[in-house]
1. Using only the heavy atoms of the protein chains and a 1.4 Å probe, how would Phe51, Phe145, Phe152, Phe78 rank by accessible area, largest first?
2. Expressed as a whole percentage, what fraction of the accessible surface of the chain belongs to carbon and sulfur atoms when a 1.4 Å probe is rolled over the protein heavy atoms?
3. Run the dipole for the chain about the Cα centre, Lys and Arg Cβ at +1, Asp and Glu Cβ at -1, nothing else charged, and hand back the magnitude in debye, nearest 20.
4. Can you tell me the accessible area per residue over the chain, all protein chains present, probe 1.4 angstrom, in square angstrom?
5. Compute the angle between helix 156-177 and the longest alpha-carbon principal axis of the chain, please, reported from 0 to 90 degrees and rounded to the nearest 10.
6. With r defined as the distance between the Cβ atoms of Arg97 and Arg74 and R0 fixed at 41 Å, what FRET efficiency is calculated, to the nearest 0.05?
7. Can you tell me the length gained on complete extension of the stretch His166 to Glu146, counting 0.36 nm per residue apart and subtracting the Cα distance?
8. Per residue of the chain, what 222 nm ellipticity follows from adding -39500 (n - 2.57) for every DSSP H run with n ≥ 4, rounded to the nearest 500?
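The values are calculated or read from the model by the stated rules, or taken from the named source; none is laboratory data. Predicted model only: the values in this text are computed from it and were never measured. Glycine gets a Cβ as well: all are built from the backbone with ideal geometry, and neighbour counts include every protein chain shown. These accessible areas exclude ligands, DNA and RNA; they are computed on the full protein's heavy atoms, side chains included. Shrake-Rupley method; radii C 1.70, N 1.55, O 1.52, S 1.80 Å.
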Amino acid sequence: MVRSLLIILMFLLCSGEVFAARDIQRLPDPRYTGRITLEESLAHRRSERSFQTAGLTNEQIAQLLWAAQGITERTWGFRTAPSAGGTYPLEIYLVKRDGVFHYLPLTHSLEKTKDTDCRPSLTRASLGQDFLGDAPVVIVIAADFEKTEVKFGARAQRYVHLEAGHVAENILLQAEALGLGAAPVGSFWDDVVKAVLDLPYAHDPLYLIPVGYIK
Ligand SMILES: Cc1cc2nc3c(=O)[nH]c(=O)nc-3n(C[C@H](O)[C@H](O)[C@H](O)COP(=O)(O)O)c2cc1C
C-alpha cells in the first residue's frame, strides 16, 4: 500500500505536465477584413531586413499567427494553410523580448515555453543576420515530420517543406496587409536554433520570419 502511494507520488512529481501551471494566453480573435486587397499585398511584398524596435500589439501578433496556422473549419480542424492529407506537421513559435511562445491553433492561444530573450542568439545561429535581433518578433516555423510520414512515408520530406512554404507566404502577405515588414530566413544552423529555443525533440526548425515596422 505504502509502496503504491510512493510510486504514484513519484509519477506525479516527475511528470511536469501534471502539476506545472501552464502559462497560456488566449489571443484576440482574427479579423477577416483588411486595409488593403490581396492583390496589393502581393504587389508590394518585399523581404525587409531593417526594423524599428517598436513592439507589435497582441492583435497584430494574433493576426500573423492565425494567418500561419489558424483554424478555419471546426469539424475537421482545417487551417488557413493547406496540409498534405490534413496531417498538420507544422508547429509555430514566436520569439520576442519576453520569451518564447508556442502557438496552439485549436484554442488560438500562446503558451510560454521560455522566459528569456532569444533574439540575439538567433542572430548568432543564423550566421550573423543581425536583423533577427532587431525585429520585435521572430516567427519560427518548425516541423514534426513523423506526423506526415505515418501517412505518406518518404514522400513526407517533400510535403512538409512545401507546407512550410505555404505558411511562410501566408505570414509574409499578412504582414504586408498589416503595414509591417518581414523576411523569410532559411540560412541558419538547425541544431543551434533548436537548442537556443529549447524546442521539443520532434520539432525541427525550417524557417525564421522576423516581423516588425520597417525603418
Ligand atoms: C527558401 C528561402 C530562404 C531564404 N533565406 C534568406 C536568408 O537566410 N536571409 C535573408 O536575408 N533572406 C532570405 N531569403 C529571402 C530572399 O533573399 C528574397 O526572397 C529574394 O532576395 C527576393 O526578394 P523579395 O523577397 O523581396 O522578393 C530567403 C528566401 C527563400 C525563399
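1. Phe78, Phe152, Phe145, Phe51
2. Within the chain, the accessible surface is 57 percent carbon and sulfur.
3. 120
4. 54
5. 50
6. Taking R0 as 41 Å, the efficiency between Arg97 and Arg74 is 0.75.
7. That pair, His166 and Glu146, stretches by 5.3 nm at full extension.
8. Helix-only estimate at 222 nm: -11500 deg cm²/dmol.
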